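Have a look at the structure below before the remarks.
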Amino acid sequence: MSRDLELEIENAARELAERYEEINLLYTISEILGRTVSLDRAATTILREVSETVGARRAAIYTCEAGSDMLDPIASVGVPDALPSVSLSDPRNLAARAFRGRHSVVIAPEDDVTDDGFRIGAVLAVPIMWTGEAGRPELLGAVSLTNRSTGAAFSAGDVKLVAAIATQIGSAIQNARLVRESIEQQRLLQEVRLAHDLQMKLLPSGDVVAPQAEASARVVPAESVGGDFYHLFRLTPSATGVMIGDVSSHGYRAALIMALAMSAAAIHAQSTLDPAAMLHALLYSLREELSNTEMFITLFYGVVDRQNRTLQYANAGHPHVFCCRPTGEPERLGALDPPLGMSDQAPTSRTVKWTPEKDLLVLFTDGITDALNDAGQPMGERRVLDTIQRYATEPAAVIVDRVFDALSQHTGDIPPRDDLTLVVLRS
Amino acid sequence: MSFTLKKNGDVVVVDVEGQLIVGNRQELKQKVLDELEKGDRKFLIDFAQTGYIDSSGLGVLVSLSKKIREHGGELRLANLNDDLQTLFELTKLDTLFQIADTRERALEGF
């Protein structure tokens, strides 16, 4: 065999061995990434493997968080102390240079380059990118390798290999971010559920006014937390307080106002039987909060006294409250004053006659009357009142069920755009 | 949904097309406040082309009315359709605004 042929076989064998090592490295990395979700741990293992394959004794992987202008080290090999974060605009850091240029930086041992002290001889710095469905590569970080055991420059093959691994690291970083976001979303969802449960728990059961009154109520918030509420109070053995309110918004801010209104109402209701005085005290408690948030509340508060056979009420802008009697049209107990938070004037009150056990006090919010069907038509007040009159002699809970049945029939699958609240009371 | 601002003498007339709801109320508020900042004091919001106002839309009207009054000005409303007129009456909001049937009537004596 000629000497040339021997050399060629030797070269081919060496190249084969190198390719084998590279393929082996890629398999190893896939395996590392496949069995861990901890990015830092995976990054350290990958960096060690890749450093060994290309013979680099010093190496680092940096990542850049969205919106940040710093590269943060997440793994390093062969550095005595922890690496500091690096500004993306740092002219001396070669990883930052690769990141800025979106391209590999290859420095030969003999090249004269000012660096930040990381370099020992040859350097290879490669940007870490990830290409999502949109097809536009996103910069996520950079990997930097130096201090080669052979002292030689990095070859084109080394650059190609490290670039391929950088792509894999990019996918891993992206996956880790998605996992983190998904955990964060789940946590948020859980908090929203908790807030919803908490809000529902603030609303009293109809039992709190039994046996002197029979009450049933339902609140369905349009969002997870809403701004509708009601309250029921047993004031004396014959007097029952009923409140309904609608905060002019949804979401957390409305829910907070609702919670404030409910707790303040619970305190003031026990100190007076006069609905106007109670609303005035409530307005005083909420004034600052309402004015700061530009919200207002439509609020009705009535006191049914079965012994005196009266219903006295104050109504700050709540449109849908009715006294339904066994005969005749339901009587609207209309607003006597504008909604709380819209005016500073003291609320007034009015008294109507009440027939115990016969009359029904019906309170609802505009979420019910304004609920649209698929043709865009609202349910309307008339249909709510017709349903109530049809079932007026049934228990309060049945009446509430029937109104919500009618509402479901009307809206079908269309989700509510506003909170839905209905309270029915007999005493 | 859009808001058009026009000057009629010294009155800024705002047309509300479509709905005044949570999604666009801030736009109306900003437009009116910008004019108030520039020195205008008389405002008329015309609802001739408005189908629906939700509760947060009502809130903005009250808040604008307060702000304009604080600057020594006045906000009037005109052309509420029957549903809106009923809504204003049922909520007693009609006691907080000067409401006219037509734009011309609203402008009279402004």
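A short reminder: the numbers here are calculations on the coordinates, not readings from a lab. Fair warning: this is a prediction, and the values are worked out from it, not measured in the lab. All Cβ positions, glycine included, derive from the backbone under ideal geometry; neighbour counts span all protein chains shown.
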key: Angstrom value of the Kirkwood radius, inverse mean 1/r, which spans all Cα pairs in the range A:65-132   = 13.0 Å
Cα-Cα P(r), chain B, percent of pairs per 10 Å interval = 15, 54, 30, 1
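Normalise the Cα radius of gyration of the protein assembly as shown by 2.2 N^0.38 Å (N = residues in it) and let me know the number.
1.48
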key: the range A:161-172 - phi-based ³J(HN,Hα) in whole Hz, Karplus 6.51/-1.76/1.60, Gly and Pro as x   = 5, 5, 5, 5, 5, 4, 5, 5, 5, x, 4, 5
query = Using a simple spin-label model with points 7 Å from Cα along the Cα→Cβ vector, what separation in nm is obtained for A:THR28 and A:VAL79?
reply = 2.1 nm
task = Return the distance in nm (one decimal) between the two label points of a simple spin-label model at A:MET200 and B:GLN30, each offset 7 Å from Cα along Cα→Cβ.
result = 3.8 nm
task = Please state, as a whole number in µm²/s, the translational diffusion coefficient that the Stokes-Einstein equation yields for the range A:3-182 at 4 °C and 1.567 mPa s, with Rh defined as the Kirkwood radius across alpha carbon pairs.
result = 77 µm²/s
query = Which residues in the range A:313-330 place their backbone N less than 17 Å from a point set 7 Å from the Cα of A:ASP274 along the Cα-to-Cβ direction?
reply = A:313-316
note = Diffing the range A:396-409: the Karplus 3J(HN,Hα) column from phi (6.51, -1.76, 1.60, θ = phi - 60°), in whole Hz with x for Gly and Pro, holds 3, 5, 5, 4, 4, 4, 5, 5, 5, 5, 4, 5, 4, 4
Contour excess over end-to-end distance, with Cα ends at A:SER291 and A:ALA210 and 0.36 nm allotted per residue = 25.5 nm
query = Can you list the aspartates and glutamates whose alpha carbon sits under 20 Å from that of B:LYS38, skipping same-chain ones fewer than 8 residues off?
reply = B:ASP10, B:ASP15, B:GLU27, B:GLU70, B:GLU74
key: A:ASP344 versus A:ASP40: modelled label distance in nm, points set 7 Å from Cα along the beta carbon direction   = 5.7 nm
query = What do you get when you divide the Cα radius of gyration of the range A:192-236 by 2.2 N^0.38 Å, with N the number of residues?
reply = 1.30
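Please compute the contact order of chain A in relative form: average sequence separation of alpha-carbon pairs under 8 Å and at least six residues apart, divided by the residue count, as a percent.
Once normalised by length, the contact order is 11 percent.
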message = Quick one: 3J(HN,Hα) in Hz for the range B:68-75, Karplus 6.51/-1.76/1.60 with θ = phi - 60°, rounded, Gly and Pro as x.
response = 5, 4, 4, 8, x, x, 8, 10
request  = Count charges around A:ARG253 for me, please; just the other residues with Cβ under 12 Å from its Cβ, Lys/Arg as +1, Asp/Glu as -1.
outcome  = -3
note = Here FRET efficiency (C-beta to C-beta, A:VAL179 to A:MET70, R₀ 25 Å, nearest 0.05) is 0.65
key: Gain upon complete extension [A:LEU5, A:ASP111; 0.36 nm per residue less C-alpha separation]   = 34.6 nm
key: Average Cα contact separation per residue, the range A:184-314, under 8 Å, 6 or more apart, as relative contact order %   = 22 percent
task = May I ask you to list the residues of the range A:146-173 whose amide nitrogen lies under 18 Å from a point 7 Å from Cα along the Cα→beta-carbon direction of A:ILE120?
result = A:146-154
key: Contour minus Cα-Cα distance for A:TYR252 and A:SER155 (0.36 nm per residue)   = 29.0 nm
message = Given a Förster distance of 30 Å, report the FRET efficiency between A:SER87 and A:GLU21 from their Cβ-Cβ distance, rounded to the nearest 0.05.
response = 0.25
query = Assuming R0 = 35 Å, what is the FRET efficiency of A:ARG102 and A:ALA13, from their Cβ-Cβ distance, to the nearest 0.05?
reply = 0.40
query = Relative contact order for the range A:3-182 using alpha-carbon pairs under 8 Å, separation at least 6, rounded to a whole percent?
reply = 20 percent
Amide H within-cut-off set for A:PHE296, under 5 Å, with H built and near neighbours excluded = A:SER248
message = Take the residue pairs A:LYS353/B:LYS92; A:LYS201/B:LYS66; B:LYS7/B:LYS66; A:LYS201/B:LYS67; B:LYS7/B:LYS29 and return only those whose Cα atoms are more than 29 Å apart.
response = A:LYS201/B:LYS66; A:LYS201/B:LYS67
query = How long are the three semi-axes of the equivalent ellipsoid for the range A:203-426, computed from the Cα gyration tensor as the root of 5 times each eigenvalue, in whole Å, largest first?
reply = 24, 23, 15
